[in-house]
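To start, the structure itself, in structure tokens.
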Amino acid sequence: MNTIVSQSEWQEALLVFRNSEKEQMRRQDALNAARRRLPWAKIDKRYQFTGADGKAELLDLFQGRKQLIVYNFMFGPDTKSPCDGCSMIVDNMGHLSHLHARDTSLVLVSLSPYERLPAVSERMGWQVPWYSSFGSDFNQDFGATTENGEMFGVSVFIRDEQSIYLTYHTTKRGVEYLGSIFTYLDLTPMGRQEIWEDSPEWVPQSPPYHWWRMHDEY
């Protein structure tokens with residue numbers, strides 16, 4: 001057991017800890033600000049996917065929005081069942097309408113042929129668009145295929161009309177802390193687009209809470 005103390009001693013210990021916790025939060029804010037200023041890499045290679053509406057290219061995955069977050073889900077053509085850990089990650093993704101309100105799309109991509117994907121989504125009750133990259137170099141080029149096999153990860157893209165740029169990528173424990181709309185937005189060049197954020201001048205911003213809605217009211 002941990003040390004047992006009086007409530008007043010507990011409150012004092014909590015306040016000391018919370019000071020450290022808030023310092024960590026401010027360090028995370030600074031890290032997010034630095035991420036928003038990372039250089040971008042232009043994507044000239046064309047990739048083919050298959051989704052609910054048939055064949056698609058990377059630009060189609062944006063669904064007309066400016067930013068795109070891709071989660072590489074470990075489920076290959078020779079894999080009997082989807083990755084348990086990836087399934088937990090998707091279970092924790094928030095309602096996509098909140099991301100859409102910030103001009104951001106989120107999709108899943110797997111190496112498995114598309115015909116294997118809808119049954120899993122239906123079983124799990126997932127609403128996140130899921131695309132197959134079967135026959136494409138996408139997983140290889142974006143760190144989701146290694147010499148040891150498949151790998152999960154998150155890649156972030158932004159577009160300027162038809163031009164697409166890679167802005168960020170993370171894998172392994174970098175993916176674990178994700179799970180809320182806010183942490184996904186924090187990965188993007190435009191962030192939460194709230195006025196308290198330290199962002200590049202070109203990023204549109206509004207007051208906190210101003211853009212928040214019930215997910216069926218956007």
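Of all residues in region 115-159, which are at positive phi and more than 21 Å from the chain's Cα centre (by Cα)?
Within region 115-159, 135, 149 qualify.
Return the residue satisfying two criteria in turn: it lies in region 108-126 and is surrounded by 21 or more Cβ atoms within 10 Å (Cβ to Cβ) and among the aliphatic types (A, V, I, L, M), and of such residues it is nearest to residue 44 (Cα to Cα).
109
From the residues in region 174-192 that are in a loop (DSSP other than H, G, I, E, B) and out of contact with any Asp or Glu (no Cβ under 8 Å at 6 or more places or on another chain), which one is surrounded by the most Cβ atoms within 10 Å (Cβ to Cβ)?
188
Out of curiosity, is residue 77 surrounded by fewer than 21 Cβ atoms within 10 Å (Cβ to Cβ), touching a Leu at 6+ places or on another chain (Cβ under 8 Å) and not β-branched (Val, Ile, Thr)?
So residue 77 passes the test.
Looking only at region 127-148, which residues are surrounded by fewer than 19 Cβ atoms within 10 Å (Cβ to Cβ), out of contact with any helix residue (DSSP H, G or I) (no Cβ under 9 Å at 6 or more places or on another chain) and either closer than 20 Å to residue 90 by Cα or in contact (Cβ under 8 Å) with a residue 60 or more places away in the chain (or both)?
135, 137, 141, 143 - these are the residues of region 127-148 that are surrounded by fewer than 19 Cβ atoms within 10 Å (Cβ to Cβ), out of contact with any helix residue (DSSP H, G or I) (no Cβ under 9 Å at 6 or more places or on another chain) and either closer than 20 Å to residue 90 by Cα or in contact (Cβ under 8 Å) with a residue 60 or more places away in the chain (or both).
Given the criterion out of contact with any Pro (no Cβ under 9 Å at 6 or more places or on another chain), within 26 Å of residue 37 (Cβ to Cβ) and either in a helix (DSSP H, G or I) or at pLDDT 95 or above (or both), identify the matching residue among 155, 87, 97.
The unique qualifying residue is 155.
Out of 148, 139, report the one residue that is out of contact with any strand residue (DSSP E or B) (no Cβ under 9 Å at 6 or more places or on another chain), more than 24 Å from residue 36 (Cβ to Cβ) and either at pLDDT 95 or above or polar (S, T, N, Q) (or both).
Being out of contact with any strand residue (DSSP E or B) (no Cβ under 9 Å at 6 or more places or on another chain), more than 24 Å from residue 36 (Cβ to Cβ) and either at pLDDT 95 or above or polar (S, T, N, Q) (or both) holds for just one of 148, 139, which is 148.
The values are calculated or read from the model by the stated rules, or taken from the named source; none is laboratory data. Treat the numbers as computed from the prediction; the structure is a model and nothing was measured. Glycine also receives a Cβ, built like all others from the backbone with ideal geometry; neighbour counts cover every protein chain displayed.
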